[in-house]
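Taking it in order: structure first as structure tokens, then the write-up.
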Ligand code: SAH
């Protein structure tokens, strides 16, 4: 009969971090840390995020946080899912904020872990306001947002001196799920040479149409980056006129970038290089 033994314990990353040298703050009891986990690749976590994972008593996390990142939590930490599960609606924002406040008041070290950056279309601001109103001490740890990190992983520089000295970030989805009516699409179309859209895939046909009627060229390049920074990343390059068809069926989550910077993808798509098998080094020839 096969016998099993525990795999040797991998040293916790936090044990390799000299907190004193780096001046990292203590994760105190009764505090909430609102932390960005980045867009997917666990390698994009910050040292502060790792430190928080190692010290937390409870991790309240969202659907877009990679399962491997959760495995970095200390063995005693409770993992508490705050997203949609099995078709059931996600807990309401006031419920999540109340949960964070309640846990902190019980004296827990609470890590609120969100995909990307907590304050970029991530309701981190709303949660921080609720904590401040309840007198719960908190800290905000920024993460790499999908609209920056995702572009880098697709070989699309967010700015380039030949193409743009401004960028607009926007959401293609308001809190009711519709194309944001409060946005001045004409002004957005004219505002910056590069637009980065979150939560825009569902409304891409009408968004592309609004941008073209606001003055953008229908030949302008557009990239849709799906599952950016993960092993399943996929990039569709098209134009404003054709993107609705070209990107139909692309898997969520996806980020949309409009502008001439998209052309750099052809030369800079570094992720397409064949990867070296682990453990092998290049030969000298
Ligand atoms: N706070 C997050 C954004 C949350 S809104 C951040 O800073 O990145 C959710 C939207 O983010 C998704 O609809 C998608 O547009 C984008 N997104 C998040 N992770 C992504 C990923 N790995 N690849 C592509 N888009 C992503």
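The values are calculated or read from the model by the stated rules, or taken from the named source; none is laboratory data. Model, not experiment: these values are computed from the prediction. A quick note on method: Cβ atoms are made from the backbone with ideal geometry, for glycine too, and the neighbour counts reach across all protein chains shown.
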Looking only at the stretch 227-240, how many residues end up being farther than 19 Å from residue 202 by Cβ and either at pLDDT below 95 or in a loop (DSSP other than H, G, I, E, B) (or both)? 5
Considering only the stretch 245-279, state which residues are under 12 Å from residue 194 (Cβ atoms) and either assigned to a loop (DSSP other than H, G, I, E, B) or modelled with pLDDT under 95 (or both). 259
So, of the residues in the stretch 141-172 that are touching a helix residue (DSSP H, G or I) at 6+ places or on another chain (Cβ under 7 Å) and within 20 Å of residue 202 (Cβ to Cβ), which turns out to be surrounded by the most Cβ atoms within 10 Å (Cβ to Cβ)? 170
Residues that are in a helix (DSSP H, G or I) and within 23 Å of residue 235 (Cα to Cα): does the stretch 154-172 have at least one? no
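Considering only the stretch 116-131, I want to know if a residue exists there that is over 29 Å from residue 167 (Cα atoms), out of contact with any strand residue (DSSP E or B) (no Cβ under 9 Å at 6 or more places or on another chain) and either within 16 Å of the ligand (Cβ to nearest atom) or free of Cβ contacts under 8 Å to residues at least 60 places away in the same chain (or both).
yes
Please pick out the residue among 237, 222 that is surrounded by fewer than 21 Cβ atoms within 10 Å (Cβ to Cβ), closer than 26 Å to residue 115 by Cα and within 16 Å of the ligand (Cβ to nearest atom).
Numbers: 222 fails: surrounded by fewer than 21 Cβ atoms within 10 Å (Cβ to Cβ).
Just one listed residue meets the conditions, 237.
Residues being under 9 Å from the mean Cα position of the chain (by Cα), more than 6 Å from the ligand (Cβ to nearest atom) and over 22 Å from residue 26 (Cβ atoms): count how many of those fall in the stretch 132-147. Walk me through it before giving the result.
In the first step, residues of the stretch 132-147 are kept if they are under 9 Å from the mean Cα position of the chain (by Cα); the result is 143-147.
After this cut, where a residue has to be more than 6 Å from the ligand (Cβ to nearest atom) as well, the list is 143-144, 147.
Next, only the ones that are over 22 Å from residue 26 (Cβ atoms) stay: 144, 147.
Here the count works out to 2.
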Using the structure shown, decide if residue 79 is in a strand (DSSP E or B) and closer than 15 Å to residue 37 by Cβ. yes
Are there any pairs with C-beta distances below 6 angstrom linking a residue in the stretch 43-72 that is free of Cβ contacts under 8 Å to residues at least 40 places away in the same chain to a residue that is surrounded by fewer than 23 Cβ atoms within 10 Å (Cβ to Cβ) and in a helix (DSSP H, G or I), with the two at least 6 apart or on different chains, and if so which? 50/13; 50/14; 51/14; 68/42
Only residues that are under 19 Å from the mean Cα position of the chain (by Cα) and modelled with pLDDT of 90 or more: list them for the stretch 64-78, please. 65, 66, 67, 68, 69, 70, 71, 72, 73
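Of all residues being part of a strand (DSSP E or B) and under 21 Å from the mean Cα position of the chain (by Cα) in the stretch 88-126, which is surrounded by the fewest Cβ atoms within 10 Å (Cβ to Cβ)? Just the residue, please. Write out each step before concluding.
Narrowing the stretch 88-126 to residues part of a strand (DSSP E or B): 88, 110-114, 116.
Pick out the ones that are also under 21 Å from the mean Cα position of the chain (by Cα) and you get 110-114, 116.
On the way: 110: 30, 111: 30, 112: 30, 113: 29, 114: 25, 116: 31.
Here the answer is 114.
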Quickly run through the stretch 46-63 and pick out the residues that are modelled with pLDDT of 95 or more, assigned to a loop (DSSP other than H, G, I, E, B) and either surrounded by fewer than 23 Cβ atoms within 10 Å (Cβ to Cβ) or on the phi > 0 side of the Ramachandran plot (or both). 46, 57
Would a scan of the stretch 188-197 turn up a residue that is closer than 21 Å to residue 264 by Cα, part of a strand (DSSP E or B) and near the ligand (Cβ under 10 Å from one of its atoms)? yes
Can you spot a residue in the stretch 149-159 that is within 12 Å of the ligand (Cβ to nearest atom), more than 21 Å from residue 267 (Cα to Cα) and modelled with pLDDT of 95 or more? no
